[in-house]
Amino acid sequence: MLYPQSNRFRCSLPVDGFWSFQVDPEGVGEQEAWWNGLPAGRQIAVPGSWNELFPEHRDYLGDAWYVTEFDAFAPGPDSVLSLRFDSVNYSARVWLNGTEVGFHEGGHLPFEFNVSDLARDGRNRLAVLVNNDLRPDRVPPGNASDSPFSSMMSSFPPTSFDFFPYGGIQRPVWVSMLDAVHIVSAGVETGFDCNDDLTGYVNLRVEVAGAAAARLACQVLDAGGGMVAEGTCDVKDGTVECRFELPGVRLWSPADPHLYTVAMELRDDEGKARDAYRLETGVRTVEVRDSRILLNGEPIHLKGFGKHEDFPVHGRALNLPLIVKDGELFRWMGANSYRTSHYPYAEEALRYADRAGLLVIDEIPAVGLMFGDNGDRIAGWLEVCKGQLRDLIRRDLNHPSVIMWSVANEPMTADFMARFRGADANPAFVDAGTDFFVALVDAGKELDRSRPFSLAGVMGGPVEWLELCDAVMINRYWGWYRLGGQIEQARAGMEEELDALHERLAKPIIIAEFGADTIAGHHSEPAEMFSEEYQVDVLRMTLDVAAERPWIAGLHVWNFADFKTGQGVMRPASLNHKGVFTRERRPKMAAHFLRSRWREDAAA
Ligand code: GCB
């Protein structure tokens, strides 16, 4: 799905701002009051998360109405008017001028509706019924009695994951007017030949609507706007494929995040220009070979974090200044990478990463999945996850910053708690997960073969699931959930486990989570759990262990910043305190420590 753009053929306007808002716990639903009149009720910010704005709705789960008006004009037969939502958590039922337009299930990814037949000249009224119920059949699931979060964390609201379940229209809403003949999607695959001249290539595949025959004129422009390749290709059956060669290509990398622009113009069979689109992308390759992840043929070492979209008042809403602020803190520390734990982040974050040279592991919202004898539920999740992976790949395929797809965080077998204490897993439960992930990764590979696929495995989880990954991600809390307060014993445990995994898997291993809860300002000598000193000890120990093992392809500290969770005995002040920054982005000692390690090794 193409990021909205305006030019002489297309006009995309955000419908952001203040909308009328009303929760609807009784499910009065389609009562005229909410979609046929603009209620005088409360105003909410779009984008925003209702939980941060209205104290009495902090924990609200259920239906809520959003209503606004915008000016447009009814499109003629040669135009199309569409409505796009970048992210609504969790589901959205949409009405335009009192007529239902459609329904979408699933947060964090965009969806759109063609509303050409419903739009009017002048004022148009848009109503959205948002629902954020936590349900065991949703992805991510909630209200699941079998989740360790219900037993161990006793978290409220009842999530099956360790972050706050923010609700609302959390990213922009767009109204777009397009020519009936237009570009629907554009995907690139890039690479290069190692000849003397380093010739790069861009394979472009474009889908077109509204014309049986058309031509696509393309120019590939470098960062200065100079043309480096051009060509015109025929559209057949609504699709067109073109290849551009770029002699002397400037490859994209963290050290030189060089971007090219593919400028496209779509012409109908009479040669009349009907649409244009400018796609920013970079030329680079990602491969896994000999226990290394290679970017442009060279091993890369990931230094960074698992993150969250989370900030006071904004909740999970798009927050452009925060994207830049975090990027600058990455630069300050010498970090080069993050994972979009545990859901796809706003596309704006990836546009920023492309330009800043950050390496991103892009994750679907499959967190909290539990595999046991719940076959029906698993089958339902699989369909949802395939859809999420498809939509994620379609949205993010062209971002050079995205180096890997993650299809889950910490899936578990239903006997996880017993297994964590050392018992053997039920093989049928393991097999249920194996079948699930084989099917999911296969579906992903149909859409993108140019990037590795992975999942982040929980400590004590089945190795069989890690074996399915191109590169392995493991979340490890040695010195925290295991052998807390006992750094030297934790080091020995970690070394032994890592070496055994390497022996068995012979693949690059990323430690995708490690860390310690730390109350900013709490100090102790000798170091003990929750102190800033102890957090540094856990990070130092893990960095040291990894430094001796070249097949460790990267380290992502959990977490970049403290983040909001539900309430529960494990989460003082309803925060996860494993950030190396506070939620407001003040550095703990650990941030300075990482800077000393990462900046030094960047200079080496
Ligand atoms: C994990 C999860 C992450 C939690 C973290 C923790 O393994 O992947 O979502 O927040 O542990 O702090 O417990």
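The values are calculated or read from the model by the stated rules, or taken from the named source; none is laboratory data. Keep in mind it's a predicted model, so treat the numbers as computed, not measured. Neighbour counts run over all protein chains shown; Cβ positions are idealised from the backbone, glycine included. The area values use the complete protein model at the heavy-atom level, side chains included, leaving out ligands, DNA and RNA. Shrake-Rupley method; radii C 1.70, N 1.55, O 1.52, S 1.80 Å.
Scanning for something of a type in the set (V, I, T), within 16 Å of the ligand (Cβ to nearest atom), under 30 Å from N296 (Cα atoms) and modelled with pLDDT of 95 or more, does the stretch 427-450 turn up at least one residue?
no
For the stretch 467-489, which positions are more than 19 Å from the chain's Cα centre (by Cα) and either of a type in the set (K, R) or open to solvent by less than 10 Å² (accessible area, probe 1.4 Å) (or both)?
Across the stretch 467-489, the qualifying residues are R476, G479, R482.
Test T413 against the criterion of being hydroxyl-bearing (S, T, Y), open to solvent by less than 10 Å² (accessible area, probe 1.4 Å), more than 26 Å from V206 (Cβ to Cβ) and over 17 Å from the mean Cα position of the chain (by Cα), and give yes or no.
Yes.
If you go through the stretch 333-347 one residue at a time, how many are part of a helix (DSSP H, G or I) and either within 15 Å of the ligand (Cβ to nearest atom) or open to solvent by less than 10 Å² (accessible area, probe 1.4 Å) (or both)?
Result for the stretch 333-347: 1.
Find the residue count for the stretch 102-125, including only residues that are farther than 21 Å from Y3 by Cα and in a strand (DSSP E or B).
Matching residues across the stretch 102-125 total 4.
Filtering the stretch 490-519 down to residues that are small (G, A, S) and within 28 Å of the chain's Cα centre (by Cα), which residue is farthest from D470 (Cα to Cα)?
Here the answer is A516.
Here is a yes/no grid of residues against (1) over 27 Å from the mean Cα position of the chain (by Cα); (2) open to solvent by 20 Å² or more (accessible area, probe 1.4 Å); (3) of a type outside the set (A, V, I, L, M):
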| position | (1), (2), (3) |
| --- | --- |
| G142 | no, no, yes |
| G167 | no, no, yes |
| M177 | yes, yes, no |
| Q219 | yes, yes, yes |
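Please name all residue pairs, on different chains or six or more residues apart, with Cβ atoms under 6 Å, provided the first residue is in the stretch 572-589 and is of a type in the set (A, V, I, L, M, F, W, C) and the second residue is outside any loop (DSSP other than H, G, I, E, B) and more than 15 Å from the ligand (Cβ to nearest atom).
The qualifying pairs are V580/A591; F581/P587; F581/A591; M589/E532; M589/V536.
Answer yes or no as to whether E525 is open to solvent by 20 Å² or more (accessible area, probe 1.4 Å) and acidic (D, E).
yes
Please pick out the residue among V557, V569 that is touching a helix residue (DSSP H, G or I) at 6+ places or on another chain (Cβ under 8 Å), open to solvent by less than 10 Å² (accessible area, probe 1.4 Å), within 30 Å of P165 (Cβ to Cβ) and within 16 Å of the ligand (Cβ to nearest atom).
The match here is V557.
So P136 passes all but one of these: (1) within 16 Å of the ligand (Cβ to nearest atom); (2) part of a loop (DSSP other than H, G, I, E, B); (3) open to solvent by 20 Å² or more (accessible area, probe 1.4 Å). Which condition number does it fail?
Going through the list (1) within 16 Å of the ligand (Cβ to nearest atom); (2) part of a loop (DSSP other than H, G, I, E, B); (3) open to solvent by 20 Å² or more (accessible area, probe 1.4 Å), P136 breaks only (1).
If you take the residues in the stretch 42-78 that are among the hydrophobic types (A, V, I, L, M, F, W, C) and over 26 Å from G98 (Cα atoms), which one is least open to solvent (accessible area, probe 1.4 Å)?
The qualifying residue least open to solvent (accessible area, probe 1.4 Å) is F54.
Within the stretch 139-187, how many residues are away from the ligand (no atom under 16 Å from the Cβ), polar (S, T, N, Q) and in contact (Cβ under 8 Å) with a residue 60 or more places away in the chain?
Looking only at that region, the number is 3.
Tell me the residue from R549, R597 that is in a helix (DSSP H, G or I) and of a type in the set (K, R), please.
Result of the check over R549, R597: R597.
Output the residues belonging to the stretch 573-595 that are open to solvent by 60 Å² or more (accessible area, probe 1.4 Å) and either within 16 Å of the ligand (Cβ to nearest atom) or over 12 Å from A520 (Cβ atoms) (or both).
Result: A573, H592, R595.
Of E287, E270, E245, E280, which residue is assigned to a loop (DSSP other than H, G, I, E, B), open to solvent by 20 Å² or more (accessible area, probe 1.4 Å) and of a type in the set (D, E, K, R)?
Answer to the selection: E270.
Looking at L320, L350, L302, which is the one that is aliphatic (A, V, I, L, M), in contact with an Asp or Glu (Cβ under 8 Å, 6 or more places away or on another chain), surrounded by 22 or more Cβ atoms within 10 Å (Cβ to Cβ) and on the phi < 0 side of the Ramachandran plot?
L350
Matching residues to (1) closer than 25 Å to R476 by Cα; (2) within 16 Å of the ligand (Cβ to nearest atom):
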{"residue": "R278", "(1), (2)": "no, no"}
{"residue": "I300", "(1), (2)": "yes, no"}
{"residue": "G306", "(1), (2)": "yes, yes"}
{"residue": "R316", "(1), (2)": "no, yes"}
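Exactly one of these conditions fails for V538: (1) within 15 Å of the ligand (Cβ to nearest atom); (2) over 30 Å from A506 (Cβ atoms). Give me its number.
Condition (2) is where V538 drops out.
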